[in-house]
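A short worksheet on the structure shown next.
A short reminder: the numbers here are calculations on the coordinates, not readings from a lab. These numbers come from a predicted model, not from an experiment. Glycine gets a Cβ as well: all are built from the backbone with ideal geometry, and neighbour counts include every protein chain shown.
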Amino acid sequence: MNSVTLVGRLTADPELRFTNTGTAVCEFSIAVDRVGTDETDFFDVVAWAKTAEAVSAYLAKGHQVGVSGSLRQHRWETPEGDKRSRVKVNANQVDFLTPKSNGTPAPAAAADEPEAQAEAPKATRGRKAAATA
């Protein structure tokens, strides 16, 4: 089983780009406080398609989010021959936990990852939206 759920704050504004086939991809990083300590962990997150577009449109540095998804490890070799590895969270669901300034919640986003070809359900801010397969 490969499943992760995190709650944290964006460390910077999300970055939106598009693949060659036009699929939206949004990358962002979140800071997650460790329970019972003053330590913080940082996680890189990737959201796809409609989720990526919603994250880019509604989130900014400092906003709190809940992220559910899976871990993906990327391995490569540098031109010098050094082996590298990086783990990212592949978001299946992003819940927007920071209220809008006027007190009205903004929409949340549930993913439809291209690899899974899952349709993204409608989601609302502050409520959990499960991805359908």
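For beta carbons closer than 7 Å, sequence separation of 6+ or different chains, a first residue in the range 74-97 that is in a loop (DSSP other than H, G, I, E, B) and a second that is of a type in the set (Lys, Arg), the qualifying pairs are Thr78/Arg84. When Glu27 is tested against (1) in a strand (DSSP E or B); (2) closer than 14 Å to His63 by Cα, just one condition goes unmet, and that condition is (2).
The number of residues in the range 30-64 being part of a strand (DSSP E or B) and not hydrophobic (A, V, I, L, M, F, W, C) comes to 5.
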